[in-house]
Number of protein chains: 4
Amino acid sequence: MTSKPIRATIVGGTGYTGAELVRLVLAHPSLQLASIVGNASAGKSVADVLPSARGIVPGDVQPFEPDAIAEQADVAFCALPHAASAKAVSALRQRGQKVFDLSADFRFEDLAVYEAWYGKHPVPERLSEAVYGLVELHRDELRDADLVAVPGCYPTASTLALAPLVKNGLVRPEGISVDAKSGVSGAGRGVSSATHFSETAEGVRAYKAGAHRHGPEIEQELSRLAGVPIRIAFVPHLLPMTRGILATCYAQPVDSSLTAARCIEAARELYQGSPSVVVLDEGQHPDTLWVRGSNRVHLGYAQDRRGGTVVAMSAIDNLVKGAAGQAIQCLNVRFGFDEGAGLQALAQWP
Amino acid sequence: MTSKPIRATIVGGTGYTGAELVRLVLAHPSLQLASIVGNASAGKSVADVLPSARGIVPGDVQPFEPDAIAEQADVAFCALPHAASAKAVSALRQRGQKVFDLSADFRFEDLAVYEAWYGKHPVPERLSEAVYGLVELHRDELRDADLVAVPGCYPTASTLALAPLVKNGLVRPEGISVDAKSGVSGAGRGVSSATHFSETAEGVRAYKAGAHRHGPEIEQELSRLAGVPIRIAFVPHLLPMTRGILATCYAQPVDSSLTAARCIEAARELYQGSPSVVVLDEGQHPDTLWVRGSNRVHLGYAQDRRGGTVVAMSAIDNLVKGAAGQAIQCLNVRFGFDEGAGLQALAQWP
Amino acid sequence: MTSKPIRATIVGGTGYTGAELVRLVLAHPSLQLASIVGNASAGKSVADVLPSARGIVPGDVQPFEPDAIAEQADVAFCALPHAASAKAVSALRQRGQKVFDLSADFRFEDLAVYEAWYGKHPVPERLSEAVYGLVELHRDELRDADLVAVPGCYPTASTLALAPLVKNGLVRPEGISVDAKSGVSGAGRGVSSATHFSETAEGVRAYKAGAHRHGPEIEQELSRLAGVPIRIAFVPHLLPMTRGILATCYAQPVDSSLTAARCIEAARELYQGSPSVVVLDEGQHPDTLWVRGSNRVHLGYAQDRRGGTVVAMSAIDNLVKGAAGQAIQCLNVRFGFDEGAGLQALAQWP
Amino acid sequence: MTSKPIRATIVGGTGYTGAELVRLVLAHPSLQLASIVGNASAGKSVADVLPSARGIVPGDVQPFEPDAIAEQADVAFCALPHAASAKAVSALRQRGQKVFDLSADFRFEDLAVYEAWYGKHPVPERLSEAVYGLVELHRDELRDADLVAVPGCYPTASTLALAPLVKNGLVRPEGISVDAKSGVSGAGRGVSSATHFSETAEGVRAYKAGAHRHGPEIEQELSRLAGVPIRIAFVPHLLPMTRGILATCYAQPVDSSLTAARCIEAARELYQGSPSVVVLDEGQHPDTLWVRGSNRVHLGYAQDRRGGTVVAMSAIDNLVKGAAGQAIQCLNVRFGFDEGAGLQALAQWP
């Protein structure tokens, strides 16, 4: 902490992920908040845009000016919509900034998959430069990554739950279903009927069942781990709560003698040394309330008594381990800090 | 409506299902509320026990006295815990009452399955007398049933969603997973940490994953429809809302050419003439908010774009179509009333 | 019920109040739904606009055409924004329709007060024709009213709580404060940051403290009852729930010997014969959950032990007794039906 | 931070305030968690009792043994029920521990007032030793206090909002009403119908209107500041959210020319140098969501346009500034740390 702090800019810092990045950067022992950038809000005071910053963070939201950012900051977090993000990232990389990008733009190894789900990629030539920022599975590559594609909430929760099973060949590669349950903040700060309080409270519904673009991202990571192609049915749901993702994953065992205890053992082995992962004991079920506000993921494993189906469950805070906290965790690995630096706070329970 | 009304007693009428039964009996054109019975609250005023009845329903909660009930009433709804219910039902049947039982005691054809999950059955000799009260699948048998085993919220939602698929052999009998999401009222009126507001709001968790006793009940009905044994993985979840069940069911198609449209067609065919069922168009997803307070079930079908997995979804109000409303629907069929009598009110949206 | 039903059109029927009007008209023994009118949604199916009507209400939303409405319907409920409502009401009145208007346009006796808070009135000449539709206080005038100005949720809850106190001169006319707490549905179906789930759940805030336009409306009614001018401080709050208004009113006793028991007695006397009002016993506190979905108002009275301040509390469902239900109640009085016809259903508790 | 950390024990550390104390002690640069004490849970692992501590805080909950505590720790936070707390505090003070007590036992200067509301005091002789732990109003006395009576959520929110007004004689001492709105966590971890999810979500109600024991505590502090006796009507309400207190206070101006701007000025003057207080600009209303998880209080002032009533509003997180955070803030002052040490984190918004 006696060394000079890393100066960080938050581009697209006026949404929910931005608010969490501000919170986490300010709480980090080795980071310094350089500026908050947001074109639509540029010129407004930070306090008026981020109510949690009122009385604490002075100054105004800045417009996106790559040269100014390069001068003020060492690293940038980019929390922009896809395509817009790729362009901003490219401009910052050209000026030598290390970038932690929270969009989907650099998450796919295969350009064709990206373009099938997101449309034309603005800077495909930079894809090869990026490292997928799921620290638990890409720790070594991240140590010298200058462009990190930080995964979002659904892929983080789903992949971490299933990784120990597919990596060890415990479950069959086909017939995997992921039933994901998300708090409303995952839909962002933009208003819509789908996130209007009166039409969201006291109700639950699936959306884009079997056709959500996080499906192929989860498949990319699981296939890589398994060494064979994995196809999943991915169905996201919107729940009447602000924060949290619970992923409940169903898979068929390769060997009928597989037990929940063996799955737990595999998870503990894979995540040994990972400060953000807690693998629960048999019989315990993860609860998103237990990780609210923290960068932790709680994993649990069960098995259907009669049919043998394996049930892998994970709970995260979508804005922390599913977004802002994960970006900080990547930065910690990249800069050689303790992986949990600034991220060790307990969840706010209840 | 000019004929003499049917007099109904509600045994165990002081919980949430009881409160809904009172509401629905009072709103029914051919029913008259005879009494509300509840041993623990006997002697208290109904108004003090059921706040929604304050200023409306006079009198006190009655103790359970089978002779008195037989004198005052023509039918009884029984909303007691299992085992206790079987004994009360038996006492009422001996006195000639028609009984709509909302416990699990008479839902299983196979005594061994019941006893494996619920313990010793107090009156196994009456099992054969009972008809399973899922009207949409047992309508004809219910017309002369004097003991109806009304199914609860999870089996109702899950079975109605999957029935068209298994009955028509559209999906494979193994590898079916049911991810069920319930509002907290499903856990009843008894207080516990698991239903304490501060530990329930803003969180979601599974419980008894793969080991919940509604699994075998769903299997019984699906196996009967399919003509072959069906095994499912059943995982219930508790959500931060009071009412509603959403069941999201995952199954593998027998034929790779199966489409969501074909599933919708099968559902519309099976539920033709069923006033409580609405099968949504392709692309629509059921929402528990859309059926809150009503006896309707909304069904939707989708298919995973890439792997082919079929996704069957259903939304109900757990206290209405999953309990009190379903009991009234059974009574309507038994007494030859219009199946939707007293149950046609729109959901209270929002 | 053997006589010909009254045909009702719902103008502005695609918002939350409209959805409740549809529900209540369909449940009313003497009403028939003629059409649902809504310019912005005209041509869409009712099912697509009102999800609770899916599978139940056929047909499309109609455009606003006064001649067509006059032909199809006997009465119109108008649930439009102010100013727009006055014009529509006027067009319907010219064609002889009886109109129950849910806007503010005809609620004020004094045009100057209206215009100070809402801007220029489009048809001031009709003000004198209207009767204020708070049945409990204007029952006799409503019996032959052809234009009823149905009050909204805040004035209904606040006025009914304070009326017994000011009418009987039990409290002083100055220094009255009304702290009103509203569910989010009171803000309507239009989306905004202020009603976005993530910024509304888990938070509470006042808005327009001391400057909300329902203040002068409450004062009009209380002053009329008191016979002297009454000024109140009115502060509305937004709460993380969909439905319900709780008004907590603070007033100073004229005579230091005033007790809560005397307030309760005054309320029971004033509301004798009012089927929608329940005055709770001393020591009980109204809860919005106890009236959710019903047309009832629960009133409670307490007194500060030490300082003598009287606390008058009332709970209603803002969309029912605070809007759609109250309009039906006015219609019942106007047409000589039982005042509670179609409105007697119990609250959906929980 | 180079000096030896202060070792802290948390007595009664297994409730919600205890969980927050654990979170804040672990995040504090100069504190070290010595032990968590809780008789009912003694012997269980901390992880099983506090789910947010799972995987982070090792070891078991300890029984209450004053000698052991005195050996392990320098200070104790006491979060026990009243009367029980007084005895534990006394035992710890006898062993030289500095104690931050979160019960009501040492908050009253006047023993008679305490005993009128709480019953017989177990150790009245220690009352004079205690300092009331509302830092903003007792900062100087706290610098050498060895027994601090940390106030709870209602008195903190209410007193801080009204203090600038009564201290400066801006409002009249009689006719003040405090309408306080609390999240359910304020009722603690013990289960009851009043905090059961299904009977709490989607509803709001007052409780103990005008007869809550926090009334006299607020009066004590306001009277001290005003120099004349102040009587308030205090009405607490339970809201469907987990955390947060919003106090809306109504008072009559002494001088009819008083404005909201003058109130804001008085608040800014009084709280200058107080790192936990943010006084909002005119027209802004505090929102509990904006301070969730933080130790900040947001204050806002408005005035009724017509009658002149002053409206003072404050928002806090009941478990932080209303309990655990305030205790840490007292400790910071007592030990000469920066007043905001360990408490500067932004709220978790949304």
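Derivation of every value follows stated rules applied to the coordinates shown; laboratory data play no part. Note that the structure is predicted; figures quoted are calculated from it, not measured. Neighbour counts run over all protein chains shown; Cβ positions are idealised from the backbone, glycine included.
General remarks:
- Computed over chain D with a Gaussian network model linking Cα atoms closer than 10 Å, the most mobile of D:149, D:27, D:327 is D:27.
- Taking θ as phi - 60° and the Karplus parameters 6.51, -1.76 and 1.60, the scalar couplings of segment B:70-80 work out to 4, 6, 7, 10, 9, 9, 10, 9, 10, 10, 10 Hz in sequence order, x denoting glycine and proline.
- In this assembly of identical copies, the label point of residue D:58 (Cα plus 7 Å along Cα-to-Cβ) is separated from its counterparts by 4.5, 7.0, 7.3 nm, sorted shortest first.
- For segment A:119-143 versus segment A:256-284, the gap between their alpha-carbon centres in whole angstrom: 27
- Sequence-separation-based contact order of segment A:234-303, relative, with Cα cut under 8 Å and 6+ spacing, percent: 34
- Over the protein assembly as shown, dividing the summed -39,500 (n - 2.57) contributions of all DSSP H runs of at least 4 residues by the number of residues returns a 222 nm mean residue ellipticity of -8500 deg cm²/dmol.
- Largest mean-square fluctuation among C:324, C:266, C:251, in a Gaussian network model of chain C whose springs join Cα atoms under 10 Å apart, belongs to C:266.
- Positive-end extreme of charge dipole, segment D:154-317 - chosen from D:263, D:280, D:215 (charges on Cβ): D:215
- Relative contact order of segment C:154-317, pairs being alpha-carbon contacts under 8 Å that are 6 or more residues apart, as %: 30
- If you run the Gaussian network model on chain B, springs between alpha carbon atoms under 10 Å, then out of B:139, B:93, B:306 the most flexible one is B:306.
- Shielding by partners, peptide D:212-221 (average Cβ within 10 angstrom, other chains): 1
- Measuring nothing but how far apart in sequence close Cα pairs (under 8 Å, 6+ apart) lie, relative to its length, chain A scores a relative contact order of 17 percent.
- Cα-Cα over 21 Å, subset of A:181/B:181; A:44/A:98; D:98/D:167; A:4/A:98; C:181/C:208; C:4/C:98: A:44/A:98; D:98/D:167
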